[in-house]
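Here the structure comes first, spelled out in structure tokens, and everything after it is commentary.
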Amino acid sequence: MTAKKIKTKPKKATKNRKLLIALLLLLLILLLGVGATLLLKFSSKPGTYIHKNSKGDYVLLANGRSLIVKGMCYSPIPVGEGSVYNWWGDAAKPWMTDGKLMKDAGVNAVRFYEPGDKPSQVKKVISDFYDNYGIYSIMGHGLGFWDFPHANYADPAFQQQIKRQVYQMVKAYRNEPGVLAWVLGNEANYSFDGSVNPWSTSELDSIDNPRDRKLAKAKIYYTFLNELAQIVKKIDPSRPVGFGNGELGSIEVAKEYCPDFDFVGIIIYRGKSFGNMFRQLKDRYGKPAIIIEFGCDSYNALKQEPDEENQSFFLKTLWNEIEYNSYTGKGEGNSLGGCIFEWNDEWWKHEQDNIGDWSTQNTQAGWTNGSYYFDTEGNPNMNEEWFGIVTLKTEKENGISKRVPKKAYYDLKELWEQEDKVTACDWR
């Protein structure tokens, strides 16, 4: 019986195979190195960006770190003063006292509806918040909506005026590290049907059908807004720009005529829940949102007494929905955070032209919202002077109206501390 010869691979073929494997490994290492370098570069990129991660969720990145906006609408007007008071130049620096309280609670951003008249004062406030407490500033411009005479967004002269103002604002504060984002407008979409601060032209008035007239106004307004967004991005390409919108009104028009915006800033008061808003936002707009204004007052119009319990309950349930729909939750992934209305009570708001009323916290409700069911039976139940999570006192402390945190302050602090421990997940 003849033994079979065992064939062996030539030495040359074995060497070639080993060389090929070595080359492949080297190529893999190089690719991993390049990927890691690019990722590191992206993660440490200065400025603020909105990133869409591998799950399709939106993430706000501030200097390379993921951030869910835990913000406060901020206007620290003291007891006895009104809307024209220049708190930006207050020698007692109320923002320093507030900044410490905010940091202790986990607040990471404040929203300014508009900057003050003196850039040097505004820069000081921005830098003090950021340098001392790590709190960012969301800079806004109301686009003249609440001014008098009211804005006419179809007027070319008015448009040019607003464009100059927005240009000057962004140019003045674009180099401030504490600026997080820009927000243009504040619920001007409520003017399209003429119910709030109406504006028009003879051409618009000639449109008989109310729905067609409303649509024509929406197209004019959002086209103008997009021109503003282009101005902002040209001056400051390192930060996102959003527009303030009441609820999701006319959002489909905004989607078509405002392609240069990065997010929408939603103003919304639906009681203890946003309902299907985040799903509707995803279906009808397709970009993320910061809820730039939501809240609940702390006065019970039925019982005629302070009600911190319901305020805290509503704010906590609303915040849980914001977090659930962020990249850390299991919802729609289009929530970038929110700004609670508001930090401190404002004693001037109910009778804005009555100086004598500004030293008293008025308990008379100004309007009705049935979604805040705990204190309404069809009567006015929204108390404008009681929305803060910090109340003010007539006595002074550190040269300013004394601050006393409400129940909502402490409950949000506890909630945010718990979230910080469990939501440190990979944003990628």
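Kindly evaluate Leu318 against the criterion of being touching an Asp or Glu at 6+ places or on another chain (Cβ under 9 Å) and among the aliphatic types (A, V, I, L, M). Here the answer is no, as Leu318 does not meet what is asked.
Residues that are touching a Leu at 6+ places or on another chain (Cβ under 9 Å) and not in a loop (DSSP other than H, G, I, E, B) within the stretch 371-399 comprise Phe374, Asp375, Val390, listed in sequence order. What do you reckon, is Thr363 assigned to a loop (DSSP other than H, G, I, E, B), touching a strand residue (DSSP E or B) at 6+ places or on another chain (Cβ under 9 Å) and under 22 Å from Val264 (Cβ atoms)? It is false that Thr363 is assigned to a loop (DSSP other than H, G, I, E, B), touching a strand residue (DSSP E or B) at 6+ places or on another chain (Cβ under 9 Å) and under 22 Å from Val264 (Cβ atoms).
Per the listing Asn175, Asn245, the residue uniquely among the polar types (S, T, N, Q) and in a strand (DSSP E or B) is Asn245. Applying a threshold of 7 Å to beta carbon distances and a minimum spacing of six or more residues, or different chains, the list of pairs starting in the stretch 314-333 at a residue that is free of Cβ contacts under 8 Å to residues at least 12 places away in the same chain and ending at one that is charged (D, E, K, R) and surrounded by fewer than 22 Cβ atoms within 10 Å (Cβ to Cβ) reads Tyr324/Lys330; Gly329/Glu323.
Criterion applied to Lys219, Lys255 was being within 22 Å of Pro156 (Cα to Cα), surrounded by fewer than 19 Cβ atoms within 10 Å (Cβ to Cβ) and of a type in the set (Lys, Arg), and the one residue passing it is Lys219. Would you confirm whether any residue within the stretch 137-149 is free of Cβ contacts under 8 Å to residues at least 12 places away in the same chain, farther than 19 Å from Arg239 by Cα and not in a loop (DSSP other than H, G, I, E, B)? Within the stretch 137-149, not a single residue is free of Cβ contacts under 8 Å to residues at least 12 places away in the same chain, farther than 19 Å from Arg239 by Cα and not in a loop (DSSP other than H, G, I, E, B). If I ask for residues that are surrounded by 18 or more Cβ atoms within 10 Å (Cβ to Cβ), of a type in the set (Gly, Ala, Ser) and either over 17 Å from the mean Cα position of the chain (by Cα) or more than 16 Å from Ala229 (Cα to Cα) (or both), which ones from the stretch 155-187 would you list? Within the stretch 155-187, Gly178 is the sole residue that qualifies.
Reported count of residues in the stretch 70-107, each being in a loop (DSSP other than H, G, I, E, B), closer than 25 Å to Cys296 by Cβ and among the polar types (S, T, N, Q), is 2.
One line per residue, one yes/no per condition, for (1) of a type in the set (Lys, Arg); (2) more than 18 Å from Cys339 (Cβ to Cβ):
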site	(1), (2)
Leu184	no, no
Pro210	no, yes
Leu215	no, yes
Ala218	no, yes
Ala229	no, yes
Val232	no, yes
Arg239	yes, no
Ala254	no, yes
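We did not get these values from a lab; they are worked out from the coordinates using the rules stated. Keep in mind that this is a model prediction, so the values were computed, not measured. Please note: Cβ atoms are built from the backbone with ideal geometry, for glycine as well, and neighbour counts cover all protein chains shown.
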